[in-house]
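Asker: Here's a structure for you.
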Protein chains: 4
Amino acid sequence: MPKPNRGVGRPRNSDIDLAIVCTTRELLAERGYAGLTVDAVAARAGIGKAAIYRRYKTKQEMIFAATVHDLWEQPPPDGGTLRADLLALTRTIAAQLCGAPADVLAGLLADIYADKALGTRFAETFLESERKAVTAVLERAVTRGELASRPEASTVHALLLGPILAWVLILDGDRGEMPEFTRTVAEATAATLLLRPTS
Amino acid sequence: MPKPNRGVGRPRNSDIDLAIVCTTRELLAERGYAGLTVDAVAARAGIGKAAIYRRYKTKQEMIFAATVHDLWEQPPPDGGTLRADLLALTRTIAAQLCGAPADVLAGLLADIYADKALGTRFAETFLESERKAVTAVLERAVTRGELASRPEASTVHALLLGPILAWVLILDGDRGEMPEFTRTVAEATAATLLLRPTS
Amino acid sequence: MPKPNRGVGRPRNSDIDLAIVCTTRELLAERGYAGLTVDAVAARAGIGKAAIYRRYKTKQEMIFAATVHDLWEQPPPDGGTLRADLLALTRTIAAQLCGAPADVLAGLLADIYADKALGTRFAETFLESERKAVTAVLERAVTRGELASRPEASTVHALLLGPILAWVLILDGDRGEMPEFTRTVAEATAATLLLRPTS
Amino acid sequence: MPKPNRGVGRPRNSDIDLAIVCTTRELLAERGYAGLTVDAVAARAGIGKAAIYRRYKTKQEMIFAATVHDLWEQPPPDGGTLRADLLALTRTIAAQLCGAPADVLAGLLADIYADKALGTRFAETFLESERKAVTAVLERAVTRGELASRPEASTVHALLLGPILAWVLILDGDRGEMPEFTRTVAEATAATLLLRPTS
DNA sequence: CGATAAGCGAGACGGTACGTCTGGTCTTATC
DNA sequence: GATAAGACCAGACGTACCGTCTCGCTTATCG
């Protein structure tokens, strides 16, 4: 999230906003997360470093902004059944995670732990919104009578998010098989929830 | 894995091997992954930087060696049922992941993507041995007749590893609840496998 | 001679230019040539190492610049006689050589041989200007009729420079006696030239 | 001057003594003074570093020993006249200085200032013996009646040594012209001494 | 003869400096 | 006041070298 601009003086050139984001993505693709430097972004984009740091506090924020596309906040529309809702949810999660190469994901994750502020922002935006979606889906199932009581959202979240995370981040799984895998994950979670109430 | 030593000349001092590993862990705990420097390790351990770089090509290799404890290779003993085997397996995986703080895990993961050699080593040691254990457990279940056919090991691996990974790495879950959570993950996977053959 | 700066962007801070030179001289005086480190210069001057290496390619260039004060170019004014001219010239040379402690002189000399670029610069600035002065003095003497033909400049240069060099660099002679010694050198050379034409 | 050996235990291998000296000279010629490393000498000579440091306290002592051929101590034989004695003396000095490349001379000189012990040894051996020779020559001239009183030996030493030093060290003079130049230096000094009593 | 002492090649060790690089800030002149 | 260029501080990185030490071995003299 770029720093705000008080609306006084020369307005920011929005071409630059775009150039930063695009160049960052380019260079991430070319040189990988570890090989990305702010100087390189500035040079390639034909802008000054100050223009970057006026918008983002740190390099990590810049990458975060360039990578983590401002993500969906709404829980998926009611699909009628818990099974359908979980599948939709899992697909959204998978789409998020597949949006960036694995090295970027890993790098970002590391930076989130290195920089407390970034961690907080990540938790508040990304995590919180996902968690809300999970909660909403579960609550709908309770309302429908599919579940007796609402299971712990964190647990379900981990059951959905985790396998996909592992697939792209650790196991370097084929992303072509992702739709299929997504279905497996969703159904496994659904099966578990429907069979036995998970704490 | 440290660089080798041709058996000629003065042998490496194994006290130093140990000191590097211990000091690295100490400093990781004190200052976090991002705050670790090679100079600090050398200074604290009372050794020269050369002694470190004689053993490890890069800082990352050092951290890797200090962190990824040369890990279990054996699949869990036969527990009699798929359910029991999966629980044991999941517990082993969880123990591995809980061995290091989250920031170290994240940092290591990022470095694995940054350094190809490290990535290969990680895949060959850590991943391969885990995968073999998963395969063994599944094969036992087929032999027992619990499963009709052996499911894809990668998928099951992701279903087991993923939620735990997400729990410690993303959701910053309470590690005290890990035993309980581990059980949930194992049972969810068991349920899925026993209900429907996963691809 | 510092690296140039293309007039675009933030200009070099000339305070730093000065600080580097002064601090280098200070530390040379305090710790001697062999004890001088770039880190110490940076630390004492309160600047970053990069600011030094932006100006000088190597430590040696820095010392060179800090020590070999951009020196006089003009031959001494016409003193009326060869004897007088030689004395003036010798005094200038002696003043140059006494400007730095013996260890710095020796260190610099060694570095000049170690680094070809430095050697060239030394020859072109220091040596060439001194040689021109010697030539000019000798030519004046020929014009005056004191000498029948112009002697080889290199030889005369060696006769003037050498003894002083030996005095400060090898024999560790008392610098208090330098004025007297300078006179001796000048007169010895004058006597030789006036008696017999030196090749 | 190598460290002594108490005659007990295995005796030193004199092949190694020679190998060190020869290899040092070789490498000095190939890579220059600044490029010489002890490891390289040991490797090239096929010996261990310890064998070197058992003989010489420091790298500089090794180079010193390999370079400064154990030099003449005797003043030149009586040539009958001051002029002839000075020429002989100058030739000896020139021979000494021409024995090593200029960069080695410069490097050695710098090291002499860096290492007090080496400086003392240099002064006591090289310098002192030269000075004695100068004194002896001057005294002979007084005895012969060529000179009224014995001039200051240091001064004469500087007048003889200096120009040659400058020739090889600073002016990078052609060493082929050395014999001629030597004569010039000797005669200039003789002329000065015979004309006027130098301090 | 065996014990003792030292030499030897190889190379690890602690220490220290080098020169490079990057991140994030600041300073010009220009727009 | 935003911008491009680039200087600035801080400090980590990985390399190189020095002089010392340790290993397992060899080679001499002494008892």
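The values are calculated or read from the model by the stated rules, or taken from the named source; none is laboratory data. Because the structure is predicted, anything quoted here is derived from the model rather than measured. A quick note on method: Cβ atoms are made from the backbone with ideal geometry, for glycine too, and the neighbour counts reach across all protein chains shown. Side chains included, ligands, DNA and RNA excluded: accessible areas come from the protein's heavy atoms. Shrake-Rupley method; radii C 1.70, N 1.55, O 1.52, S 1.80 Å.
Asker: Given a 1.4 Å probe and the protein chains all in place, what does the accessible area of A:Glu180 round to, in Å² to the nearest 10?
Answerer: Solvent-accessible area, nearest 10 Å²: 110 Å².
Asker: Quote the relative contact order of segment A:14-67 in percent (integer), defining contacts as alpha-carbon pairs under 8 Å separated by 6+ residues.
Answerer: On the way: 34 pairs, mean separation 24.3, N = 54.
Result for segment A:14-67 is 45 percent.
Asker: Separate question: With r defined as the distance between the Cβ atoms of D:Arg31 and A:Arg25 and R0 fixed at 56 Å, what FRET efficiency is calculated, to the nearest 0.05?
Answerer: My answer for the efficiency is 0.70.
Asker: For chain B, what does the relative contact order come out to in percent, with C-alpha contacts under 8 Å and a separation of six or more?
Answerer: Details: 178 pairs, mean separation 45.2, N = 199.
Dividing the mean separation by the residue count of chain B yields 23 percent.
Asker: Between C:Arg10 and A:Glu177, what is the FRET efficiency for a Förster distance of 60 Å, r being their Cβ-Cβ separation, to the nearest 0.05?
Answerer: For R0 = 60 Å, the calculated efficiency reads 0.70.
Asker: Now for a different question. For helix D:128-144, what angle does its Cα long axis make with the longest principal axis of chain D, in degrees from 0 to 90 and rounded to 10?
Answerer: Its long axis makes an angle of about 20 degrees.
Asker: Right, another one. Which of the residue pairs B:Lys59/B:Lys116; C:Lys116/D:Lys116; D:Lys49/D:Lys116; D:Lys57/D:Lys116; B:Lys59/C:Lys59 have a Cα-Cα distance greater than 18 Å in the structure shown?
Answerer: In this structure, C:Lys116/D:Lys116; D:Lys49/D:Lys116; B:Lys59/C:Lys59 lie more than 18 Å apart at Cα.
Asker: Can you give the accessible area of C:Arg31, probe radius 1.4 Å, in Å² rounded to 10?
Answerer: For C:Arg31, the solvent-accessible surface is approximately 130 Å².
Asker: Sticking with this one: Could you pull out the GluC sites (Glu not before Pro) across segment B:31-126 that fall in loop regions by DSSP (anything but H, G, I, E, B) with no more than 11 other Cβ atoms inside 10 Å?
Answerer: Those that pass, being in a loop and sparsely packed, are B:Glu73.
Asker: To the nearest 0.05, what FRET efficiency results for D:Asp39 and C:Asp78 with a Förster distance of 56 Å applied to their C-beta separation?
Answerer: On the way: r = 57 Å, r/R0 = 1.03.
The computed FRET efficiency comes out at 0.45.
Asker: Anyone know which of D:Asp15, D:Asp111, D:Asp39 comes out most mobile in the 10 Å Cα GNM of chain D?
Answerer: Per the Cα network of chain D with a 10 Å cutoff, D:Asp15 tops the list.
Asker: Could you rank D:Ser149, C:Ser154 by how accessible they are, 1.4 Å probe, largest area first?
Answerer: D:Ser149, C:Ser154
Asker: Additional query: For a quick size check, give me the Cα extents of the protein assembly as shown along its three principal axes, largest first, whole Å.
Answerer: The Cα atoms of the protein assembly as shown stretch 131, 81, 35 Å along their principal axes.
Asker: Hey, what angle do you get for helix B:102-114 against the long axis of chain B, alpha-carbon based, 0 to 90 degrees rounded to 10?
Answerer: 80 degrees
Asker: Once the dipole of segment A:35-95 is set up with Lys and Arg at +1 and Asp and Glu at -1 on Cβ about the Cα centre, which of A:Gly79, A:Thr67, A:Ala42 lies farthest towards its positive end?
Answerer: With unit charges placed on the Cβ atoms, the residue in question is A:Ala42.
Asker: Work out, in µm²/s and without decimals, the Stokes-Einstein translational diffusion coefficient of segment D:14-67 at 20 °C, 1.002 mPa s, Rh from Kirkwood over C-alpha pairs.
Answerer: Estimated diffusion coefficient is 202 µm²/s.
Asker: At each listed q (0.10, 0.17 Å⁻¹), what is the log10 of I(q)/I(0) that the Debye formula gives for segment B:82-195 modelled as equal alpha-carbon point scatterers?
Answerer: The Cα Debye sum returns log10 ratios of -0.31, -0.85.
Asker: Return one quarter of the surface area of the convex hull spanned by the alpha-carbon atoms of chain D, equal to its mean projected area, in nm².
Answerer: One quarter of the hull surface, i.e. the mean projection, equals 12.9 nm².
Asker: Go from 0 up to the bin containing the longest alpha carbon distance in segment B:17-122, width 10 Å each, and give me the % of pairs per bin.
Answerer: Computed distribution, short to long bins: 14, 40, 28, 13, 5, 0.
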